[in-house]
Amino acid sequence: MTSTTVFSPRSWAGIDDVVIVGGGLAGLFCALKLAPRPVSVLAAAPIGQGASSAWAQAGIAAAISEGDTTEKHLQDTIAAGAGIVDGKIAGTMIAEGPDRIDDLLRYGVPFDRDLEGRLAVSREAAHRESRVVGVRGDMAGRAIMEALIAEVRKTPSIRLLEGYVVEKLMTEGRYVTGVVARPERGKSKNRLAFPTRAVVLCSGGIGHLYTVTTNPGQSSGGGTGMAAQAGAVIADPEFVQFHPTSINVGRDPAPLATEALRGDGATLINGSGHRFMADLHEDAELAPRDVVARGIFAEVQAGRGAFLDCTKAIGTAFADRFPTVYNYCREAGIDPASEPIPVVPAAHYHMGGILVDADGRTSLDGLWAAGEVTSTGAHGANRLASNSLLEAVVFAGRIAEDIQGLLPAPKCDNWASPADESDDVVTESDSPELQCLRRTMSNCAGVIRDHDGLTAAARIIADLEARNHKARFGNMLTAAKFVVAGALRRAESRGAHFRSDMPDASPQWQKRTYLTLADADGVIRDAAERVAA
């Protein structure tokens, strides 16, 4: 817990009518854009510490350099998305990117500049132009979050409630009326109800549902699960992006070797020194992420291992140009300037999530969502590198504008009252049930999938659900259920969803996936029954 005052909700008799769930980039940016309207941000961890945004290394993609255009950026985004990108949504996101970069500069983000004072840009995989704005090579996420946290802490209209795990959405019909949150261990045994007129979910992705991930433990699908249980439509859940180059040193979460290393010329080799990606794609190391992830996965599975060789392209400049990755390596006893880095694919980003429109509205009244918890359609089947932070700030800003127009006058209500006693003890380590779920998702719904593995995953999830009585784990199971159900239904391979039993894309499936909880339950039930039979 940080030294900053943590407000007890019991101490406020009447308070703002907007609650933001999540203290990452989308949540903080939305809160700042809503100022001076009073809002409260509920975060499970001390602000910034439980957010994937803080770990993002490369930066934000935006068409701001000479020779680049929003049209080129859109074309690259659509190409990476494997045929199912919502072009209108992606176009909106890309067009507003430069203005959101200006916002971040005003909030104090120290983006790199060239010798003439212009914003410096780098190139990443599947980008035809250099358009990624970063900070000291691999410190963009950390620097952006530090600047926003400082701005939030000095903004009087924003109240931070750190250490509150939101477990449930309160509803009346199709209208979301608030949230139920559990204080961290030691604060109280009671859950608290937070009535509000507007809930903005910015709770992150699902990476912690896998054994190897670059995401913090808070990214475990809670937002997707609780929204689905409240009746929200979930879109494209089968599309889970695996970052090709997490550093394979047995840490959980796995430290990340930024894509910018390959953009600057680092190569991928196996244990024999063979540059294997040159055999698999014309762009070699700069192929789309799903192609590179499968290439690395195949080498690791074959026992040859996979390594990122930065010794020639970066060499002795490594510590200065990429200090975060350098420190990760040195902590593991690796000198990346002189020896290759062992790498393995890790669950990194979920293209699926809560279906939202261009203003971040979900299918439930009173509920907005932004960031990785959503599926806007901008990423399609495979996110283009560094479009995630762009999506977070663009749609968080649009949500703030929408709420200001829809709810012009703040309304104070009684706020936060005991709901019921918590039955979900917080622990530092995963429970045996969660460990089982993580193994199942990695083994059966990971980089490479097939019908038999997905069916086995459905049975295990059904068994875990039958025995579970805890809200938090129930949200995780629900999120996992959607991934498996979407992957079973999509009878093809496309983008980040690869089925070895159906390795080709099908024109019939060149469309997005939309599932309700009843739909997902039906797929899981049918698959589990087939296994039992």
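The values are calculated or read from the model by the stated rules, or taken from the named source; none is laboratory data. This structure is a prediction, so every number in the text was calculated from the model and none was measured. As a convention, Cβ positions derive from the backbone with ideal geometry for all residues, glycine included, and neighbour counts pool all protein chains shown.
Determine which member of the set 120, 95 is free of Cβ contacts under 8 Å to residues at least 60 places away in the same chain, farther than 29 Å from residue 245 by Cβ and either not β-branched (Val, Ile, Thr) or not assigned by TED's automatic domain parsing to the domain that holds residue 288 (or both).
On the way: 120 fails: farther than 29 Å from residue 245 by Cβ.
None of the others qualify; the one that does is 95.
Please count how many residues of the range 359-402 are in a loop (DSSP other than H, G, I, E, B), under 20 Å from residue 196 (Cβ atoms) and of a type outside the set (A, V, I, L, M, F, W, C).
5
With the condition being closer than 30 Å to residue 222 by Cβ and within 24 Å of the chain's Cα centre (by Cα), I'd like the strands (runs of 3 or more DSSP E) fully within the range 290-356 carrying at least 3 qualifying residues.
Working: elements: 306-309, 341-350, 353-355.
Output list reads 341-350, 353-355.
Does residue 155 satisfy the criteria of being polar (S, T, N, Q), surrounded by fewer than 24 Cβ atoms within 10 Å (Cβ to Cβ) and outside any strand (DSSP E or B)?
yes
I need the full set of residues from the range 246-285 which are among the aliphatic types (A, V, I, L, M), surrounded by fewer than 21 Cβ atoms within 10 Å (Cβ to Cβ) and in contact (Cβ under 8 Å) with a residue 24 or more places away in the chain, in order please.
Of everything in the range 246-285, those that are among the aliphatic types (A, V, I, L, M), surrounded by fewer than 21 Cβ atoms within 10 Å (Cβ to Cβ) and in contact (Cβ under 8 Å) with a residue 24 or more places away in the chain turn out to be 249, 269.
Considering 341, 314, which residue is surrounded by fewer than 24 Cβ atoms within 10 Å (Cβ to Cβ), modelled with pLDDT of 95 or more and farther than 27 Å from residue 497 by Cβ?
314
I'm trying to understand the selection: among the residues of the range 65-90, which are buried (at least 17 other Cβ atoms within 10 Å of the Cβ), assigned to a loop (DSSP other than H, G, I, E, B) and in contact with a Gly (Cβ under 8 Å, 6 or more places away or on another chain)?
81, 82, 84, 85, 86
Inside the range 231-282, can you point out the residues that are of a type in the set (Asp, Glu) and either closer than 21 Å to residue 221 by Cα or part of a strand (DSSP E or B) (or both)?
Kept after step one, since they are of a type in the set (Asp, Glu), are these residues of the range 231-282: 236, 238, 252, 259, 264, 279, 282.
If the condition is that a residue be of a type in the set (Asp, Glu) and either closer than 21 Å to residue 221 by Cα or part of a strand (DSSP E or B) (or both), then 236, 238, 252 are the ones that fit.
Would you call residue 482 of a type in the set (Phe, Trp, Tyr), touching a Gly at 6+ places or on another chain (Cβ under 8 Å) and either within 13 Å of residue 209 (Cβ to Cβ) or loosely packed, with under 15 Cβ neighbours inside 10 Å (or both)?
Values: of a type in the set (Phe, Trp, Tyr): yes; touching a Gly at 6+ places or on another chain (Cβ under 8 Å): yes; either within 13 Å of residue 209 (Cβ to Cβ) or loosely packed, with under 15 Cβ neighbours inside 10 Å (or both): yes.
So residue 482 passes the test.
Go through (1) touching a residue at least 12 places away in the same chain (Cβ under 8 Å); (2) part of a helix (DSSP H, G or I); (3) hydrophobic (A, V, I, L, M, F, W, C) and name the single condition residue 505 misses.
That leaves (2) as the condition not met.
Could you list all residues from the range 145-161 that are of a type in the set (Asp, Glu) and in contact with a Phe, Trp or Tyr (Cβ under 9 Å, 6 or more places away or on another chain)?
Passing the criteria: only 151.
Kindly provide the set of residues from the range 250-283 that are modelled with pLDDT of 95 or more, hydrophobic (A, V, I, L, M, F, W, C) and under 26 Å from residue 317 (Cα atoms), ordered by number.
Passing the criteria: 266, 268, 269, 276, 277, 278.
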